[in-house]
Amino acid sequence: MEKSLEKHMDETFKLPGVAAVLCTDRHGLCLGAKGSAPKQASGPIATLSAMAGNLCAASTTSPVVCIESEAGSVLIKSCDSLSVAVFKTM
């Protein structure tokens, strides 16, 4: 699984405007990071993803959380037991 995760992170990191990618498990353990992603953000990322899932419990797909600032944005999505955060620059 590690090689597959690394491959997907590398592919995502190469997309235009992506400054960092961070993957975490549902407990907040950082499973991998590329670029300038703050590894200490893995816990809050897992929590935000779980809370968004609770808000949209009736939906069959997990929601995407978008946090925007003047410097850029962070997109957070869960799939199975993983949460992925993509940090984008403006």
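The values are calculated or read from the model by the stated rules, or taken from the named source; none is laboratory data. The shown structure was predicted, so the numbers you read here are calculated from the model rather than taken from an experiment. Please note: Cβ atoms are built from the backbone with ideal geometry, for glycine as well, and neighbour counts cover all protein chains shown.
For the reader, a short list of remarks on this structure follows.
- Beta carbons closer than 9 Å, at least 6 apart along the sequence or on distinct chains, pair a first residue in the range 52-68 that is in a loop (DSSP other than H, G, I, E, B) with a second that is of a type in the set (S, T, N, Q) and modelled with pLDDT under 90 for C56/S62.
- Residue selected from the range 1-38 under the condition over 19 Å from S78 (Cβ atoms) and among the small types (G, A, S), by the criterion farthest from the chain's Cα centre (by Cα): G17
- Within the range 45-59, if we keep just the residues that are more than 21 Å from F13 (Cα to Cα) and surrounded by 14 or more Cβ atoms within 10 Å (Cβ to Cβ), the residue that is modelled with the lowest pLDDT turns out to be G53.
- Failed condition for H8, given (1) in contact with a Lys or Arg (Cβ under 9 Å, 6 or more places away or on another chain); (2) surrounded by fewer than 17 Cβ atoms within 10 Å (Cβ to Cβ); (3) of a type outside the set (S, T, Y): (1)
- Of the listed requirements (1) part of a helix (DSSP H, G or I); (2) more than 12 Å from S78 (Cα to Cα); (3) in contact (Cβ under 8 Å) with a residue 40 or more places away in the chain, I45 misses just one: (2).
- Residue list for the range 21-39, restricted to those being farther than 11 Å from S83 by Cβ and either assigned to a helix (DSSP H, G or I) or at pLDDT 95 or above (or both): V21, K39
- In the range 66-90, the residues that are more than 18 Å from L31 (Cβ to Cβ) and surrounded by 11 or more Cβ atoms within 10 Å (Cβ to Cβ): C66, I67, E68, G72, S73, K88, T89
- Taking the listed residues S62, S42, the one that is in contact with a strand residue (DSSP E or B) (Cβ under 8 Å, 6 or more places away or on another chain), among the small types (G, A, S) and at pLDDT below 90 is S62, with no other qualifying.
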